[in-house]
1. Of the residues that sit in region 82-106 and are more than 10 Å from the chain's Cα centre (by Cα) and in a strand (DSSP E or B), which one is nearest to residue 66 (Cα to Cα)?
2. Hey, can you tell me all the residues within region 70-82 that are under 20 Å from residue 12 (Cα atoms) and loosely packed, with under 13 Cβ neighbours inside 10 Å?
3. For region 34-60, name all the residues that are surrounded by 14 or more Cβ atoms within 10 Å (Cβ to Cβ), over 18 Å from residue 72 (Cβ atoms) and within 13 Å of the chain's Cα centre (by Cα).
4. Taking the stated definitions as given, is residue 31 over 14 Å from the mean Cα position of the chain (by Cα), part of a strand (DSSP E or B) and touching a residue at least 12 places away in the same chain (Cβ under 8 Å)?
5. For residue 46, state whether it is at pLDDT 90 or above, under 15 Å from residue 89 (Cβ atoms) and either in a helix (DSSP H, G or I) or touching a helix residue (DSSP H, G or I) at 6+ places or on another chain (Cβ under 8 Å) (or both).
């Protein structure tokens, strides 16, 4: 079983220099939304769990935003990504991934 979730965390202020958009089997699911350079770690973790998903990152002008959430991914009982600092705008990404995985779980 695979799942993604957000935890609340103490606020930190980060410079966002990217946007991220989630694709599933080449079809746009959600985004784009503002994100930090560290989102590449979420992108990598998603690839490890489900190669049908692609989180595409694109550069944008820098904005400064507060991170109040931590992003987590678990697959087959193993933590793939734990307490990864992010913005609360990632909730739509989390909901989209969990909905897809509920209907069509990753094969690995």
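1. Out of the qualifying residues, it is 85.
2. To start, the set of residues in region 70-82 that are under 20 Å from residue 12 (Cα atoms) comprises 70-72, 81-82.
82, the sole residue that qualifies.
3. 34, 54, 56, 57
4. Numbers: over 14 Å from the mean Cα position of the chain (by Cα): no; part of a strand (DSSP E or B): yes; touching a residue at least 12 places away in the same chain (Cβ under 8 Å): yes.
For residue 31, the condition - over 14 Å from the mean Cα position of the chain (by Cα), part of a strand (DSSP E or B) and touching a residue at least 12 places away in the same chain (Cβ under 8 Å) - is not met.
5. On the way: at pLDDT 90 or above: yes; under 15 Å from residue 89 (Cβ atoms): no; either in a helix (DSSP H, G or I) or touching a helix residue (DSSP H, G or I) at 6+ places or on another chain (Cβ under 8 Å) (or both): yes.
Answer is no for this residue.
The values are calculated or read from the model by the stated rules, or taken from the named source; none is laboratory data. Since this is a predicted model, take the numbers as computed values, not measurements. Note that we place each Cβ from the backbone using ideal geometry, even for glycine, and neighbour counts take in every protein chain shown.
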